[in-house]
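The values are calculated or read from the model by the stated rules, or taken from the named source; none is laboratory data. Predicted model only: the values in this text are computed from it and were never measured. Neighbour counts are summed over all protein chains in view; Cβ atoms, including those assigned to glycine, are modelled from backbone coordinates with ideal geometry.
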Amino acid sequence: MNEKRTVSRSNRLRKKQPPKIRFPVCKGKRVVFPRGHVCPWCRKNKLSDSPGMAILNAGAMRPTAPECYEMAQDDAAFMTLSWHGNDTPNNPRGHGEFATIRIADLVDTGQFEFYFCSTDCLRAFLNYCVDDLERRRANHPRHAK
């Protein structure tokens, strides 16, 4: 029962007019998205409120000893979603359709974080990213349905 309500709320968030998000959301010295305490999806000022927030973080680690790692702060981090078309009889060399979306690109410190007020908003953002990838794929000149 609880799961059904969550899916319903998530669908409402997804169907609601999405915010204007420009990709990449993190680049260069910008390592946190959003910059303030406002959820980037629902626009509510509650990232630091109870019960907490959903965080997507990624980065690179460098080995310093066996089974010991530290943040690779002199590396650049990235996060992309891509579609790569397979070889087909009409296109045996695999030069088919390709689409990509850079969610984070060349982030200076080798790590980044995205903050959301709820898992519903995080899910809606990730769905938005996948939807944008599908739009880019549909607009590819070699796309065939």
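Overview of values
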read-out	value
Residues located in the range 49-74, provided they are crowded, with 16+ Cβ neighbours inside 10 Å and either free of Cβ contacts under 8 Å to residues at least 24 places away in the same chain or out of contact with any Cys (no Cβ under 9 Å at 6 or more places or on another chain) (or both)	L56, A58, G59, A60, A72
Those residues of the range 58-83 which are within 30 Å of R137 (Cβ to Cβ) and of a type in the set (A, V, I, L, M, F, W, C), in sequence order	A58, A60, A76, A77, F78, M79, L81, W83
Failed condition for R135, given (1) assigned to a helix (DSSP H, G or I); (2) touching a strand residue (DSSP E or B) at 6+ places or on another chain (Cβ under 8 Å); (3) not small (G, A, S)	(2)
Residues within the range 31-42 that are under 14 Å from M79 (Cα atoms) and surrounded by fewer than 18 Cβ atoms within 10 Å (Cβ to Cβ), tallied	1
Residue list for the range 1-46, restricted to those being at pLDDT below 55 and in a loop (DSSP other than H, G, I, E, B)	M1
Of all residues in the range 91-135 being among the small types (G, A, S) and more than 11 Å from the chain's Cα centre (by Cα), the one that is modelled with the lowest pLDDT	G94
